[in-house]
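Quick notes on the structure that follows.
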Amino acid sequence: MTLIHSVTGQVDSSELGVTLVHEHMRVRSESVYVQFPHLYDEEKEFAKAVEQVKKVKEVGVKTICDPTVMELGRDIRFIERVARETGVQIIAATGIYSYHYIPPHFQNRNIDYMADLFVRDIEVGIQNTSIKAGFLKCATDAQGITRDVEKVIRAAARAHKRTGVPIMTHSHPKSETGLKQLDILLEEGVDPKRVLIGHTGDTDNMEYILKVLDHGAFIGMDRYGINRECTIEDRNTTVIELAKQGYADRMFLSQDYCCTLDWYPEGTAEKMNPKWTMSFILEEIIPELQRNGVTEEQINVMMVDNARRWFEGK
């Protein structure tokens, strides 16, 4: 048993239930929102988030992990409001999302200073509230391990060592950054079974995926509905094959869905990814996987057991 901080209070790891491990209540460009707040409609964004979360609750989801951190527009009171309105357990993250750059404030201070802030989010509360983070988030994309990105990864590792909460990454499989992230995390002394290498399902390169798995980490098959990197069919083929090889206990299924996303003009993301919703895997993907040999037990492992084990370190 492990007690996990959700945005509405502690949750026993045995009570997570069906878990979507990577979904966003809202993603905003932080600096744009601060400088041009008239562009945003808080109540419209809230309504969209509530709609999506209620929909997944209706199909059995009990818990959502929301890895919205600094540079993605984290607003912990917004996440809490959605959780209270829907009754779904939402677990928030701390960390920094950057592909290459962190502000001078952090560039000119050391790694432990950053780690201290992550620890504060976990032990004291986020954004001057008493709402505590339940996991850590860092990112590496096609730009690779820049000096700034490495600083965030090492700070996440050190905060993990001090608090015991697990680590989720954003990775870029085409440039094999998941392996580079693991090299740094292992160098910092992180147990790989406390690490989820996110977006591993963005490739069908089995050689790369198996190398990540050989390190002992979990992998995120967590962008269902996003077609830019990999088709739905290719994602399914990879999950089915890995399940056949006995890796259901290392995979998470999710969508990286953003209830609202300001990166593109309104409606653009939906046109690019017409299947992208928070309920897509529950409504369409899991039945398709089962038709192709993935068992009910394996689905339960991926959707229930793995989240518990990631948080518990088992």
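Hey, what do the phi angles of the range 296-301 turn into as Karplus ³J(HN,Hα) couplings, whole Hz, using 6.51/-1.76/1.60 and θ = phi - 60°, x for Gly and Pro?
4, 4, 5, 4, 4, 4
In the calculated pair distance distribution of the range 41-137, what percentage of Cα-Cα distances lie above 16 Å?
Here the long-distance tail beyond 16 Å is 60 percent of all Cα pairs in the range 41-137.
Which pairs break 19 Å Cα to Cα here: K57/K193; K180/K211; K193/K314; K151/K180?
Beyond 19 Å: K57/K193.
Name the most mobile residue of H170, H105, H199, meaning the one with the largest mean-square fluctuation, in a Gaussian network model of the chain with Cα contacts below 10 Å.
Judging by the Gaussian network model, the answer is H105.
Compute, for the chain, the length of the dipole vector about the Cα centre, with Cβ point charges of +1 (Lys, Arg) and -1 (Asp, Glu) only. Units Debye, rounded to 20.
Roughly 600 debye for the chain.
Please give the solvent-accessible surface of E297 in Å², to the nearest 10, using a probe radius of 1.4 Å with every protein chain present.
140 Å²
Calculate the FRET efficiency for K211 and N292 from the Cβ-Cβ distance with a Förster distance of 25 Å, rounded to the nearest 0.05.
0.50
List the relative contact order of the range 41-96 as a percent without decimals, with contacts defined as Cα pairs under 8 Å and 6+ residues apart.
Relative contact order for the range 41-96 comes out at 45 percent.
Helix-derived [θ] at 222 nm for the chain: sum -39500 (n - 2.57) over DSSP H runs of at least 4, divide by residue count, nearest 500?
Mean residue ellipticity at 222 nm (helix-derived): -11500 deg cm²/dmol.
Under Stokes-Einstein, with the Kirkwood radius over Cα pairs standing in for Rh, what whole-number D in µm²/s applies to the range 88-233 at 10 °C and 1.306 mPa s?
102 µm²/s
Using only the alpha carbons, work out the radius of gyration and Dmax of the range 197-314 in angstrom.
14.3, 43
For E51 paired with M1, estimate the spin-label separation in nm (one decimal), with each label point 7 Å from Cα along the Cα-to-Cβ line.
Going by the 7 Å Cα→Cβ label model, 4.0 nm.
Once amide H atoms are built 1.01 Å from N in the peptide plane, which residues 5 or more positions from A139, or in another chain, come under 5 Å H to H?
Answer set, sorted by chain and number: S98, H170.
Taking every alpha carbon pair in the range 186-242, what does the distance histogram look like in 5 angstrom bins from 0, in percent?
4, 19, 30, 22, 13, 8, 4, 0
Can you give the % of DSSP beta bridges in the chain that are antiparallel, to the nearest 5?
Of the beta bridges lying entirely in the chain, close to 15 percent run antiparallel.
Would you mind getting the Kirkwood hydrodynamic radius of the range 207-270 from its Cα pairs, rounded to one decimal in Å?
Hydrodynamic radius (Kirkwood, Cα pairs) of the range 207-270 is 13.3 Å.
Expressed as cubic angstrom per residue, what is the convex hull volume of the alpha carbon set of the chain?
120 Å³
Starting from the alpha-carbon convex hull of the range 1-82, give the projected area averaged over all orientations, in nm².
5.6 nm²
What is the distance in Å between the Cα centres of the range 185-250 and the range 4-18?
About 24 Å separates the Cα centre of the range 185-250 from the one of the range 4-18.
Can you give the accessible area of R162, probe radius 1.4 Å, in Å² rounded to 10?
Accessible area, nearest 10 Å²: 130 Å².
For the range 45-102, count all C-alpha to C-alpha pairs, find those more than 18 Å apart, and express that count as a whole percent of the total.
Pairs farther apart than 18 Å: 36 percent.
Determine ³J(HN,Hα), in whole Hz, for all residues of the range 121-135 in sequence, where each value follows from phi through the Karplus function 6.51 cos²θ - 1.76 cosθ + 1.60 and θ = phi - 60°; x replaces Gly and Pro.
4, 7, 9, 10, x, 9, 6, 6, 10, 9, 7, 9, 6, x, 7
The values are calculated or read from the model by the stated rules, or taken from the named source; none is laboratory data. Bear in mind the structure is a predicted one, so any value in this text is a computation, not a measurement. Here Cβ is always computed from backbone atoms with ideal geometry, including for glycine, and neighbour counts include all displayed protein chains. Note: accessible area is taken over every heavy atom of the protein model, side chains too, but ligands, DNA and RNA are not part of it. Shrake-Rupley method; radii C 1.70, N 1.55, O 1.52, S 1.80 Å.
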